[in-house]
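The values are calculated or read from the model by the stated rules, or taken from the named source; none is laboratory data. Model, not experiment: these values are computed from the prediction. Methodologically, a virtual Cβ is constructed for each residue, glycine included, from the backbone with ideal geometry; neighbour enumeration extends over all protein chains shown.
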Amino acid sequence: MRTIRIHVDQPLTSGTELALPSQASEHVARVLRLTAGDPITLFNGDGSDYPSLIASVGKREVVVQVQAQQPLQNESPLRLTLAQGVARGEKMDLIVQKATELGVARIVPLITERSEVKLDPARAEKRLAHWQAVAASACEQSGRARLPEIVAAQPLEAWLRNLDNDQALRLALLPEGTLRGRDIAFPAEGGLLVVGPEGGLGERDIQALSSAGFTGLVLGPRILRTETAGLAALAALQALHGDI
């Protein structure tokens, strides 16, 4: 039987009852058509699943009783940050969704030299909330109990200026790169992976990345679209150095 997993953004404790958020309640009651007594699993991003039972289903809310806490150990040992040039339309949703399924730890949407997407502060805030919801849904499906951190879209130069001075390996996906995935030795801190938007990274971007200590990573002889490139790189690195 398929496990129904629902993300809730609040503390969870065994033996307590809570009302699901309105959108989750509607999904459970009207889409899944679950009823009182049916099992459901909640998670809030703290690394545990919380097996629960539906206590009641009303017209406007679903009440759930938390039964237990089950810590999960399914996060990748390879901690990767995907710094992705913001892609147009639904492409960015796809990238966030699949990167989450592939175990990415952090996603940084970047505005680069050739970015075609322009985000004012209000729109950027809405997109961030949307991407976080996409990631939560991907965690529900994939069985992850920790959500990847997603930060607000920002210019590449600003992100580079504020990078922590840690030992994470700095990589940029470039057709002219020379480093291959199988030749990488990741430190314990993992790695940062930069992927350009449609049109790729510009010369100023590449120069800024080089000055910040990024090395060009190449996947192969073919040039991939932005919505394919980062995901292919994540999958390859997870297969070579992670848990795939």
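Being part of a strand (DSSP E or B) and not assigned by TED's automatic domain parsing to the domain that holds Gly202 is a property that Ile40 has.
Yes/no per residue for (1) of a type in the set (Gly, Ala, Ser); (2) surrounded by 18 or more Cβ atoms within 10 Å (Cβ to Cβ); (3) in contact with a helix residue (DSSP H, G or I) (Cβ under 6 Å, 6 or more places away or on another chain):
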residue	(1), (2), (3)
Glu75	no, no, no
Leu80	no, yes, no
Gln84	no, yes, yes
Met92	no, yes, no
Leu102	no, yes, yes
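One line per residue, one yes/no per condition, for (1) acidic (Asp, Glu); (2) farther than 30 Å from Leu169 by Cα; (3) in contact with a strand residue (DSSP E or B) (Cβ under 9 Å, 6 or more places away or on another chain); (4) surrounded by fewer than 18 Cβ atoms within 10 Å (Cβ to Cβ):
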| residue | (1), (2), (3), (4) |
| --- | --- |
| Thr3 | no, yes, yes, yes |
| Leu12 | no, yes, yes, no |
| Glu17 | yes, yes, yes, yes |
| Ile54 | no, yes, yes, no |
| Lys59 | no, yes, no, yes |
| Gln70 | no, yes, yes, yes |
| Arg88 | no, no, no, yes |
| Gln97 | no, no, no, no |
| Ile107 | no, no, yes, no |
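Residue count for the range 12-62 under the criterion of being touching a residue at least 40 places away in the same chain (Cβ under 8 Å) and among the charged types (D, E, K, R): the result is 4.
Any idea how many residues of the range 221-244 are in a helix (DSSP H, G or I) and not small (Gly, Ala, Ser)? Step through it out loud before you land on a result.
Within the range 221-244, the subset in a helix (DSSP H, G or I) is 226-241.
Keeping just the survivors that are not small (Gly, Ala, Ser) gives 226-228, 231, 234, 237-238, 240-241.
Final tally of qualifying residues: 9.
On the stretch given as the range 140-178, residues that are in a loop (DSSP other than H, G, I, E, B), touching a Lys or Arg at 6+ places or on another chain (Cβ under 8 Å) and crowded, with 20+ Cβ neighbours inside 10 Å total 2. Scanning the range 120-127 turns up at least one residue that is in a loop (DSSP other than H, G, I, E, B), over 10 Å from the mean Cα position of the chain (by Cα) and over 29 Å from Ala188 (Cβ atoms). Thr226 meets the conditions (1) out of contact with any strand residue (DSSP E or B) (no Cβ under 7 Å at 6 or more places or on another chain); (2) among the β-branched types (Val, Ile, Thr); (3) surrounded by 13 or more Cβ atoms within 10 Å (Cβ to Cβ) in every case but one. The failed one is (1). The numbered conditions (1) in the same structural domain as Leu156 (by TED's automatic domain parsing); (2) at positive phi are all true for Ala87 except (2). The test for being more than 30 Å from Glu157 (Cβ to Cβ), modelled with pLDDT of 95 or more and not assigned by TED's automatic domain parsing to the domain that holds Leu160 does not hold for Ser137. In the range 183-200, the count of residues that are of a type in the set (Gly, Ala, Ser), touching a Phe, Trp or Tyr at 6+ places or on another chain (Cβ under 7 Å), over 15 Å from Gly230 (Cβ atoms) and not in a helix (DSSP H, G or I) is zero. Residues of the range 180-212 that are exposed (fewer than 12 other Cβ atoms within 10 Å of the Cβ) and under 24 Å from the mean Cα position of the chain (by Cα): Arg182, Ala185, Pro187, Ala188.
Taking the conditions (1) without any contact (Cβ under 8 Å) to a residue 60 or more places away in the chain; (2) over 17 Å from Ala232 (Cα atoms); (3) of a type in the set (Lys, Arg) in turn, Arg88 satisfies each one other than (1).
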